[in-house]
Structures are given as structure tokens and as C-alpha cells.
């Protein structure tokens, strides 16, 4: 268990009345009741201000980071089934990321253990301690597939010196108080349409890529999974375990406005799926453009992790249409 700090509580408990005690996330407290009135030993903290705007295709927020030397100030973004595109301030990069392992039981232990209500999720953290006293803009959009997202700000703020009580559990955050601030409650986000691109811009592209995510792709006796763009092989799906794995393949050709992507494999019985396939081009002037993104496709029907449509045949996904919108 994690015990946050030692100190006297700021509320006097009166017999027969209700005493409400807020508890920060992932923390445990132990209370000792003694006669007398409460003595406030820690300074009160001003609230952390933020503004949030939520629409069907975009979430925007502005965080007012306290001008304090905090032990922790981390923005946590949780996406289901995956993360949206997250932009935090200027030059703020993700510092840690994790993916939920949902229903990943050994084959002999799956019976009775798998949950139909369990949902895939991803989580990313952004360290904002160096941005104290700043206003940090945050934007979230979905460019590949729709899903939900929620955002929290987890801070540990200084309150002054805390007494250390003998024969009590060790406090990991003495002198600080943890707060969990809800920035965005769980909200559904639809896919934001790609920006229009002209024929002249496509013809002037300096590079092209195929991007997407793969899940459960096996190699060896299961063979390779070849990707074709407009009938030309451009690469292979990466081998990966039973978790979404992003990939990006550089193309030796420029795509058209309307494109057909196909995944071909041997009839080996491998069970895997792909999602969010899209074409991206680099344009002059440090700009870029994207096609629409595909929905989930699964190679076989009878599979625990099946999602979306099923491949056209035992050896081909069928045509996956990826187009660049015209102005």
C-alpha cells in the first residue's frame, strides 16, 4: 500500500455525524481518532483551473499549471480502445505509455476467465513539472477510428513540513498533497475527416507512407503478410503479439487520389487483424496530408479477438479503399 503523508486531519469528527474524507487515486490512509479539536497543520491549496471544450470530433483544454515546485505533475490520457492523437503544449512529448492486456490468458486457462465486458485500452503520460506557472493547451482528435477518451491531471503539491509519526507506516509524500483533477470525463470522439488536398499538391509530394496498426501477426510457418498499394507490393505486416502494434512503411511510389490497399497471405490459418490503415504524403513547406483511415479488419471469423469486418477470402483482405479528399 502507498501511504501519502503523516499529519493531523483538518476536520473535527463529532459523534453521530458524517465525516467525508477525500482519497487521492492509488493511495491508502490510516486514521487514528483522539479526543479534542482538529488542528490544521498544512496550508490550504488553491484549486487548479482548467477550461475544456468538447465537440463530436475534437476536445480542447487549457491547463493552468500551478507555479510550485511539485513532486509530480503528470497529464494522463486514457483511450479506449486506443489513444487518440494527443497534442500537449509546445515541445511536450509523451514520457510513458502502456497498453492494457485484455483477456490475455494462456489457452489452457481461457475457459471461464475471459470477460465479454473487458475493453482494450491505452494510456499515455506527459510530465509537466517543468511547465510550472504556464498555460498549457491540450487537443485530442481521432484520425483513424472512433473511441472514447478521458483525461486526468495528477499532481503532488507542496504544503510545507509534515511531522513524522513514530511507529506509523512510511509516508512516500510527506510535505506534499496529491490531487487527481478530472480534465475530461469519458467522452466519445468521432473520426475527424482528413484535410482536402489538391491534385497539384499530391503530384508535388516528396514522400509517401502507409501507416496503421496490426494485432496478432505471426511469422514462421504462418508465412508473410504482403501489403499491396494499387497492385504493387510495398512491404509486409510486422510480426507482433496479441496487442496493437503501430507500423509505418515508406513507399517507393506516390499514391493516387483514389487508392486500393490489399493484404495477401498464404492459407496458413493465422488469426490477426489490422486497423487504421491510411496513406500519408509529405508535402513541400513542411506540410503533410492524409487519406481516410480504414476500420478494423480481421483475417478469420472464429477468433477471440475478432473485430470489425472479415477478410474477403482465406488469402486476401479484399480491397481496402483509401482516398485523399478533394477540395
Checklist entry - Listed highest first by mean packing, meaning other Cβ atoms within 10 Å per residue, what order do 299-306, 3-10, 15-22 come in? => result 3-10, 299-306, 15-22
Item to check | Paramagnetic reach from residue 224 in the range 235-269 [backbone N under 19 Å; point 7 Å along Cα→Cβ] | outcome: 235-241, 247-253, 261-269
Item to check | Gyration tensor (alpha-carbon) shape descriptor, the range 45-99, a/c threshold 1.5 | outcome: oblate
Checklist entry - For residue 132 and residue 3, what is the calculated FRET efficiency with R₀ set at 25 Å and r taken between the beta-carbons, to the nearest 0.05? => result 0.45
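For residue 319 and residue 27 in one chain, what is 0.36 nm times their gap in residues minus the Cα-Cα distance, to one decimal in nm?
Working: separation 292, 0.36 × 292 = 105.12 nm, distance 5.08 nm.
Taking residue 319 through residue 27 to full extension adds about 100.0 nm, to one decimal.
Where a number appears in this text, it was derived from the coordinates with a stated rule and is not lab data. All values derive from a computational prediction rather than experimental measurement. As a convention, Cβ positions derive from the backbone with ideal geometry for all residues, glycine included, and neighbour counts pool all protein chains shown.
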